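This structure is in structure tokens; I'll ask about it shortly.
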Amino acid sequence: MPALEAPRPALTLSQACAALWRATLSLMVAFMKTAAPAHRYLIARRIARNLDLLGGQDCFNTDCRATFSQLARRWNRKADRLTSSAGAHPNRPPFRLLS
């Protein structure tokens, strides 16, 4: 019986990035179906962080990474608009946790 070979790091990274991209697409769907501003804010920030992370991965070509970075900026602006429309401080969510 052949010995099990450890997965190659590049393949593992590629699979992890693909999974993160699919999860991010799911978050985008959740954002569109959610009406609560606080939830939309949190989802938009998570999407932006995911896209920012994907934009820094070498398993994607330069154009793809640039697109991820552009999308991350767009989702950050969307989250910022959610905070400003609620009259909250731009660096804090439009709600208070454990006040």
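Only the coordinates and a few stated rules stand behind these numbers; no lab work does. None of the values given here were measured: they were computed from a predicted structure. All Cβ positions, glycine included, derive from the backbone under ideal geometry; neighbour counts span all protein chains shown.
Calculate the radius of gyration of the Cα atoms of the stretch 26-89 to one decimal place, then report Dmax, the largest Cα-Cα distance, as a whole number, both in Å.
12.7, 40
Which ordering of C64, C17 is given by a fewest-first count of other beta-carbon atoms within 10 Å? Spell out each step's value before the answer.
Numbers: C64 13, C17 17.
Ranking C64, C17 by Cβ neighbours within 10 Å, fewest first, gives C64, C17.
Once you list every other residue whose beta carbon is under 12 Å from the beta carbon of R74, what net charge do they have if Lys and Arg are +1 and Asp and Glu are -1? Don't skip to the end; give the middle numbers.
Details: positive: R73, R77, K78, R81; negative: D52, D80.
For residues surrounding R74, the net value is +2.
Report the local net charge at Q57: Lys and Arg +1, Asp and Glu -1, summed over other residues whose C-beta lies under 15 Å from its C-beta. Let's see the in-between values first.
On the way: positive: R22, R49, R65; negative: D52, D58, D63.
Within the 15 Å Cβ shell, the charges total 0.
Among G56, A44, A72, whose Cα lies farthest out toward the positive end of the dipole of the stretch 38-90, if unit charges sit on the beta carbon of Lys, Arg (+1) and Asp, Glu (-1)?
In the stretch 38-90, that residue is A44.
Pop out the ³J(HN,Hα) list for the stretch 17-34 in order, Karplus 6.51 cos²θ - 1.76 cosθ + 1.60 with θ = phi - 60°, rounded to Hz; leave Gly and Pro as x.
Ordered by residue, 3J(HN,Hα) equals 5, 5, 5, 5, 5, 5, 5, 5, 4, 5, 5, 5, 5, 4, 4, 5, 8, 9 Hz.
Let me ask something else. With a cut-off of 8 Å between alpha carbons and a minimum separation of six or more residues, what is the relative contact order of the stretch 38-90 in percent?
Values: 44 pairs, mean separation 22.4, N = 53.
Across the stretch 38-90, relative contact order equals 42 percent.
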